[in-house]
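Trainee: One structure, pasted below without further comment.
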Amino acid sequence: MNSFGQIQLMGTHNCIRRESALHSEVEVLRWAMESMLRHSSWHSFGTDCKELIAMIKEPHTWPSFATELERIETL
C-alpha cells in the first residue's frame, strides 16, 4: 500500500529454483522488500506462510536460513 492507503501491485520476479517451497517464500519476501525500498518510503508486507512468520519472529530457531534471514533483517 502507498502512503494514501491505496494498494500498489508490482510485477513478479522469475527466481531460480530453490531447495524447498519455504526457501522460495523467503527469497520472494526478500525480493519484494528490496523492490519496494526502491519505489516507496512506506512499506507493509503480508504472507500466508506460517513457517515464514515463525521464522521472522524467532530466527535463531531456523539456523539453516540464517543467511537469508540476515539479509531480510538488514533491509
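Every number here is computed from the coordinates shown, using simple stated rules; none is lab data. Since the structure is predicted, the reported quantities are computational estimates derived from the model, not experimental observations. Counting neighbours? That spans all protein chains shown, and the Cβs are built from the backbone with ideal geometry, glycine included.
Trainee: Taking the options Ala32, Ala66, Ala54, name whichever one is in a helix (DSSP H, G or I) and under 24 Å from Gln6 (Cα atoms).
Mentor: Of Ala32, Ala66, Ala54, the one residue that is in a helix (DSSP H, G or I) and under 24 Å from Gln6 (Cα atoms) is Ala32.
Trainee: Take the stretch 33-75 and flag every residue that is crowded, with 17+ Cβ neighbours inside 10 Å and either aromatic (Phe, Trp, Tyr) or in contact with a His (Cβ under 9 Å, 6 or more places away or on another chain) (or both).
Mentor: Of everything in the stretch 33-75, those that are crowded, with 17+ Cβ neighbours inside 10 Å and either aromatic (Phe, Trp, Tyr) or in contact with a His (Cβ under 9 Å, 6 or more places away or on another chain) (or both) turn out to be Met36, Trp62, Phe65, Glu68.
Trainee: Filter the stretch 53-75 for residues that are under 17 Å from Glu34 (Cα atoms) and touching a residue at least 24 places away in the same chain (Cβ under 8 Å) and give the result.
Mentor: Scanning the stretch 53-75 gives Glu68, Leu69, Arg71, Ile72, Leu75.
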